[in-house]
Amino acid sequence: MKHYSLTNAELANERMMRACGVDMTQADFAEKVTAVPGQLGELYKGIPAHVMHALGYTITKVTERREPVLSDQPVWCGTLNRRLEPGTSLGLRIIASVETQEGPTASAHIELRILSPGETEHMMWTVDGRPASKIRVDRADGVHSSAACMVNRIPDVIAAARGVRLISELGPLRPPLTRIRPSSSSS
């Protein structure tokens, strides 16, 4: 199973964009992003791990590698209102892999970066099997999509048993059972 995600780092605020390593030298990126499990470090390897756990597999190994996304051409950054020169980081690439006792594996290739002209934010899941499957979701705004995943889980977290729990233990996200009642208008 493979997960691929492309998120436009410029849609977040400048602080988050910089947390993704945008506008860093390769040395700064290695020091401030790769070597430090800060805001984004160690987070994204959980995506394939949670999926494999939810599918009932016994996880034996999870790894994550963070590296800068680079270009050999100057790239315009609208948020900073200037060009980023070749070799300057355009964002963060995360490569995660999961191994299981039963044999199936999962991987994730996630990029949070400045997009090239014509690129769009999206997520894609592929399953190598019979039949092979691929699901792609095009996103208009990955920042809000990511936040929605967390906010929509609040009722599940409140209802969960005490203690630290994996998100995969909460089951699939379900729509609320309550309906919004139409307001009554008085004449």
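Results, tabulated for the structure shown:
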quantity	calculated
Relative contact order (percent, whole number), the chain, Cα cutoff 8 Å, 6+ residue spacing	27 percent
Max mean-square fluctuation residue, GNM over the chain, Cα-Cα springs under 10 Å, options Arg136, Arg165, Arg66	Arg165
Shape of the chain, Cα gyration tensor, a/c cut at 1.5	oblate
Charge-dipole axis of segment 1-89 as Lys and Arg at +1 and Asp and Glu at -1 on Cβ define it, positive-most pick from Thr34, Met24, His3	His3
For peptides 27-33, 127-133, sequence by mean Cβ density within 10 Å, most packed first	27-33, 127-133
FRET E, pair Thr105, Arg82, Förster distance 35 Å, beta-carbon r, rounded to 0.05	0.25
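Here, each number is a calculation from the coordinates, and none is a lab measurement. Quick caveat, the model's predicted, so the values are computed rather than measured. Glycine also receives a Cβ, built like all others from the backbone with ideal geometry; neighbour counts cover every protein chain displayed.
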